[in-house]
Amino acid sequence: MFEQINTLLLEKFGELGPLIAVGMLGILLVLLTLPTLLKKQKDPLDKLKQSAKPRASTADKSDDEVKALRQRSKADKLDKYATFLEPKTEEEMSAARLKLMQAGYRSKSSVRTFHFAQMALGLVFLLLGILYVVIASATGEVSTQKMVLSVIIPGAVGYYLPKYWVKRRLQARQEEITNGFPDSLDMMLVCVEAGQSLDQSIIRVSQEIKAGYPALAEEYEVVAHEMKAGKDKVSVLKDMGERCGVSDVSSFVTVLIQSASFGTSIADALRVYADEMRDKRVMRAEEKANVLPTKLTLGTMMFTVPPLMIILLGPSVHEIYTTLSTANF
């Protein structure tokens, strides 16, 4: 089917017929997408605010003019396109913000920047694919199937590249938190047994582990700042469990909440949980060590068995070949 379409385009428009068809298809898709993207629905809350707010005075206008003259940041520029750079529903927005927060991106415009990066990289890679098709068409004949794939595949790669980056960043951050959490619990236990409160021990632990585990130290610093600001301790600990996205941290948060609810000693709870975390870390190391021989089996078979077969069977094959050659002669 692609060959028939290619032949028809070459007959109608000449050598650049397939390229013209791909370009027209891209322009058509952009024109069909623009009305949906640029359609901005008015928020009912904005209508209520406008109706409740009195008319701005001349002083307010001057303040607005002064603000407009200020140099805006990158996030302010993206505010104009927030209608199609951010999810429409609150659930999708919360899920995207939580995922980026777990990856270490905490700014208010992180979701907007992420979707902007997806759109920008998708368009850039799409243009690179079109440029490659133009150069390939000028140097030789290119089939329609190869032309379409050369344009679509780079665009898809550029669109999914930020998502892959965030996923890898999230996995690396969670692994770092998992590795450093048992050590931080031991330090926290020492601080609590020395007479410090939980808030002070969290601050001290965040300072001590910053060099080795910066992601975990950052989470502890956020917890300490929120507690200083007067936020409820239970809410602060639950938020930490959600931000980390690690089961060990969530279990630790549950232990602290139960200890505070029932009035038991925090030091005893930390001592028991720290022992469990150390045992769990040893079990993870043993699991990786036990899996290693299985992973090495394939490599051993690939790089050991063929040379061994050559060494064992090579002389016999050579002798048989020599004997047959002599007999035929």
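The values are calculated or read from the model by the stated rules, or taken from the named source; none is laboratory data. Model, not experiment: these values are computed from the prediction. All Cβ positions, glycine included, derive from the backbone under ideal geometry; neighbour counts span all protein chains shown.
The table below lists the values:
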| read-out | value |
| --- | --- |
| Matching option when the condition is more than 29 Å from His115 (Cα to Cα), assigned by TED's automatic domain parsing to the domain that holds Thr254 and touching a Gly at 6+ places or on another chain (Cβ under 9 Å), among Gly195, Gly180 | Gly180 |
| Residues of the range 226-251 classified as outside any helix (DSSP H, G or I), surrounded by fewer than 20 Cβ atoms within 10 Å (Cβ to Cβ) and on the phi < 0 side of the Ramachandran plot, total | 3 |
| Glu92 modelled with pLDDT of 85 or more and in a helix (DSSP H, G or I) | no |
| Matching entry among Val223, Val272 (being surrounded by 15 or more Cβ atoms within 10 Å (Cβ to Cβ) and not assigned by TED's automatic domain parsing to the domain that holds Gln102) | Val223 |
| So Ser259, is it farther than 15 Å from Phe181 by Cα, in a helix (DSSP H, G or I) and among the small types (Gly, Ala, Ser) | yes |
| Verdict on Tyr159 being surrounded by 17 or more Cβ atoms within 10 Å (Cβ to Cβ) and not in a helix (DSSP H, G or I) | no |
| Among (1) without any contact (Cβ under 8 Å) to a residue 60 or more places away in the chain; (2) more than 26 Å from Gly23 (Cα to Cα), the one test that Phe125 misses | (2) |
| Residue count for the range 162-201, restricted to those that are free of Cβ contacts under 8 Å to residues at least 24 places away in the same chain and touching an Asp or Glu at 6+ places or on another chain (Cβ under 7 Å) | 1 |
| Pairs with Cβ under 7 Å, 6+ apart, first in the range 234-253 and among the basic types (Lys, Arg), second surrounded by 15 or more Cβ atoms within 10 Å (Cβ to Cβ) | Lys238/Val253; Arg243/Met101; Arg243/Gln102; Arg243/Glu219 |
| Where a residue in the range 254-268 is assigned by TED's automatic domain parsing to the domain that holds Asp199 and surrounded by 10 or more Cβ atoms within 10 Å (Cβ to Cβ) and its partner, wherever it lies, is of a type in the set (Lys, Arg) and in a helix (DSSP H, G or I), with Cβ under 8 Å and at least six apart | Ile257/Lys238; Ala260/Lys233 |
| Some residue of the range 283-297 being under 20 Å from Glu193 (Cβ atoms), over 27 Å from the mean Cα position of the chain (by Cα) and either surrounded by 14 or more Cβ atoms within 10 Å (Cβ to Cβ) or among the hydrophobic types (A, V, I, L, M, F, W, C) (or both) | no |
| Exclusive hit being at pLDDT below 85 and surrounded by 10 or more Cβ atoms within 10 Å (Cβ to Cβ), set Thr300, Thr326 | Thr300 |
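Residues are listed down the side, and each one gets a yes or a no for (1) touching a strand residue (DSSP E or B) at 6+ places or on another chain (Cβ under 8 Å); (2) surrounded by 14 or more Cβ atoms within 10 Å (Cβ to Cβ); (3) at pLDDT below 85:
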{"position": "Lys108", "(1), (2), (3)": "no, no, yes"}
{"position": "Leu126", "(1), (2), (3)": "no, yes, no"}
{"position": "Thr139", "(1), (2), (3)": "no, no, yes"}
{"position": "Thr144", "(1), (2), (3)": "no, yes, yes"}
{"position": "Phe181", "(1), (2), (3)": "no, yes, no"}
{"position": "Leu189", "(1), (2), (3)": "no, yes, no"}
{"position": "Ser206", "(1), (2), (3)": "no, yes, no"}
